[in-house]
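Structure first, commentary second.
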Amino acid sequence: MIIIFATSNKGKLKEVKKIFNNSKWEIISLSELGFDEEIEETGQTFEENAFIKADTIFEKYNIPVIADDSGLLVEQLENKPGVYSARFADPNASYADNNKKLLNDLLKFNNPHKAKFMCNAVFVSEQNRFSVEGELNGEITNSYKGNNGFGYDPLFKPENYSVTLAEMTLDEKNKISHRAKAFQLLKREITLL
C-alpha cells in the first residue's frame, strides 16, 4: 500500500523510508510524483505546518499522506529557531547559513547551550487524521563535527552522547532522533488502522 511522504527534503526522505522498510507500506516522495511546487508553511506550530503539507498533498492526490515539521529549540534563544529552523538565517538560507547564524547568536552565552529537536509527524487519509510528537534533548556544540545527516546535525550533541548527530551513522541516528521517534509512533498508529 502506498503512502505519500509530503517532503522534498532528501535527508528526511532517506530516514523515513528506512523506518518504514519491511512494512506493508511503500513510501513515495513528492519528486516521484513529479510534484515540485513549494507548499507555504504558514503555521505557528510544527503540527500546523505538518498538517498544511499533508492536507495539500492529500487534496491533490487522494492517497494517504504522511508529513512532518520539525526544528531546533535552543533554551538560551527563547526556543528559537523553532518553526523557522529551515529559514533561520533568511528565507533562502542554506544549512551552512543557519548553522553560522546559530553559532553567532550563541556567542554571548556560556556553555552548555541546552537544546532539543522536536518533530511533529501527521497522517491524513479519507478516514483518519492524527499527529504524534518526538523529541531529542541535547546541546549545541561550539564547532562543527561530522559529515553525516543534514541541517543542524553537525552542531547537535544528544544527551548522554559524546558525538554529534552528524558523527553518527543513519542507523545510529534513527535509534534516537526526534524524527525517528515520531515516525516510529506514526508507523505504529497507522499499522493499527
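The values are calculated or read from the model by the stated rules, or taken from the named source; none is laboratory data. This structure is a prediction, so every number in the text was calculated from the model and none was measured. Counting neighbours? That spans all protein chains shown, and the Cβs are built from the backbone with ideal geometry, glycine included.
Here are the numbers:
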item: Residue, nearest to residue 20 (Cα to Cα), within the stretch 64-83, restricted to residues that are among the small types (Gly, Ala, Ser) and crowded, with 24+ Cβ neighbours inside 10 Å; result: 67
item: Failed criterion for residue 151 (all others in (1) of a type outside the set (Val, Ile, Thr); (2) surrounded by fewer than 21 Cβ atoms within 10 Å (Cβ to Cβ); (3) assigned to a loop (DSSP other than H, G, I, E, B) hold); result: (2)
item: Residues within the stretch 18-77 that are acidic (Asp, Glu) and assigned to a helix (DSSP H, G or I), tallied; result: 6
item: Subset of the stretch 119-132 [out of contact with any Gly (no Cβ under 6 Å at 6 or more places or on another chain), in a strand (DSSP E or B) and buried (at least 16 other Cβ atoms within 10 Å of the Cβ)]; result: 120, 121, 122, 123, 124, 131, 132
item: Only one of 9, 92, 22 that is farther than 21 Å from residue 185 by Cβ and either crowded, with 21+ Cβ neighbours inside 10 Å or out of contact with any helix residue (DSSP H, G or I) (no Cβ under 7 Å at 6 or more places or on another chain) (or both); result: 92
item: The stretch 30-55, residues that are of a type in the set (Ser, Thr, Tyr) and touching a residue at least 12 places away in the same chain (Cβ under 8 Å); result: 31, 45
item: The stretch 160-193 - residue that is under 25 Å from residue 140 (Cβ atoms), aliphatic (A, V, I, L, M) and at pLDDT below 95 and, of those, surrounded by the most Cβ atoms within 10 Å (Cβ to Cβ); result: 180
item: Looking only at the stretch 26-56, and only at residues there that are surrounded by 13 or more Cβ atoms within 10 Å (Cβ to Cβ) and of a type in the set (S, T, N, Q), the one that is modelled with the lowest pLDDT; result: 29
item: Filter result for residue 115 (touching a Phe, Trp or Tyr at 6+ places or on another chain (Cβ under 9 Å), not in a helix (DSSP H, G or I) and not hydroxyl-bearing (Ser, Thr, Tyr)); result: yes
item: Considering residues of the stretch 144-162 that are over 15 Å from residue 116 (Cα atoms) and without any contact (Cβ under 8 Å) to a residue 40 or more places away in the chain only, the residue nearest to the chain's Cα centre (by Cα); result: 148
item: Pairs where the first residue, in the stretch 76-96, is closer than 22 Å to residue 111 by Cα and the second is surrounded by fewer than 15 Cβ atoms within 10 Å (Cβ to Cβ) and among the hydrophobic types (A, V, I, L, M, F, W, C), C-beta under 7 Å, 6+ apart; result: 76/109
item: Answer residue from the stretch 159-193, given it is in contact with a Phe, Trp or Tyr (Cβ under 9 Å, 6 or more places away or on another chain) and outside any helix (DSSP H, G or I) and is farthest from residue 81 (Cα to Cα) among those; result: 193
item: Failed condition for residue 58, given (1) touching a residue at least 60 places away in the same chain (Cβ under 8 Å); (2) under 22 Å from residue 113 (Cα atoms); result: (2)
